[in-house]
1. If you take the residues of the stretch 137-165 that are open to solvent by 40 Å² or more (accessible area, probe 1.4 Å), in a strand (DSSP E or B) and without any contact (Cβ under 8 Å) to a residue 12 or more places away in the chain, which of them is nearest to GLY82 (Cα to Cα)?
2. So the check is Cβ under 6 Å with 6+ separation or different chains; which pairs have a first residue in the stretch 27-44 that's over 18 Å from HIS13 (Cα atoms) and a second one that's in a loop (DSSP other than H, G, I, E, B) and among the polar types (S, T, N, Q)?
3. Would you check which residues across the stretch 47-79 are closer than 20 Å to GLY121 by Cβ and not in a helix (DSSP H, G or I) and list them?
4. In the stretch 96-113, which residues are of a type in the set (A, V, I, L, M) and either touching a His at 6+ places or on another chain (Cβ under 6 Å) or open to solvent by less than 30 Å² (accessible area, probe 1.4 Å) (or both)?
5. Among the hydrophobic types (A, V, I, L, M, F, W, C) and modelled with pLDDT under 90: does that describe ALA96?
6. In the stretch 19-46, what residues are assigned to a loop (DSSP other than H, G, I, E, B), under 20 Å from ASP7 (Cα atoms) and among the aliphatic types (A, V, I, L, M)?
7. If you take the residues in the stretch 112-136 that are modelled with pLDDT under 90 and farther than 21 Å from GLY82 by Cβ, which one is farthest from the chain's Cα centre (by Cα)?
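The values are calculated or read from the model by the stated rules, or taken from the named source; none is laboratory data. Just so you know, these numbers come straight off a predicted model, no measurement behind them. In this analysis, Cβ positions are derived from the backbone assuming ideal geometry, glycine residues included, and neighbour counts consider all displayed protein chains. Remember, those area values only see protein heavy atoms, side chains included, never the ligands or the DNA or RNA. Shrake-Rupley method; radii C 1.70, N 1.55, O 1.52, S 1.80 Å.
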Amino acid sequence: QGWRLRDYLWPEHPLQVAIGEMMADVTGSVTRPPGVDGCGAPVFRTTTSSMARAFLSLASEERFSDVRTAMSRYPALVSGYGNDDAMIATWLGGIAKKGAEGCMGVALPGRGSVAMKAWDGSGRALGAAMHLVLASVGWIPTGPETQLQEGLRVDVRGGGRPVGVVRAVL
């Protein structure tokens, strides 16, 4: 686009304005003013239901087909190896992404989307909770459920040793 690179993270930069407009379009809600996440990039606010709507757009609209293909083909490059969202995307063959302050969205083309937010902002229980929700709606295939559930297990440690585990209960 020929835009300046030195200040592309500023909320007023044309790139961030364009991203904000697209986020408003796919979420159906006001996304400004943006916050800032851990890497310094603007974060566009939304509700959990609007986040699910955005993930549904990502999973179903033709304009996002290249992004959808890349995210589902290379889930570990979206968030990192061993992360909850990458494991979920790998097991389901879909799209999953954790975000700022304990948010996660999952989408399966042809099926729908799910989004959740940990109200305390901690992402520690997100994988276990998302696994429970996805299993309850029938998205976790029979067989890999135990292995995926084990991969999403979060041990609680005390004194340098495991003293408990975080698990979701419905």
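1. ASP155
2. THR27/THR46; SER29/THR46
3. THR47
4. Within the stretch 96-113, the subset of a type in the set (A, V, I, L, M) is 96, 100, 104, 106-108.
Residues satisfying the conditions are ALA96, MET104, VAL106, ALA107, LEU108.
5. The answer is no for ALA96.
6. First, pick out the residues of the stretch 19-46 that are assigned to a loop (DSSP other than H, G, I, E, B): 28-34, 37-41, 44-46.
When the remaining residues are screened for being under 20 Å from ASP7 (Cα atoms), the result is 32-34, 37-41, 44.
Residue satisfying the conditions is ALA41 alone.
7. SER136
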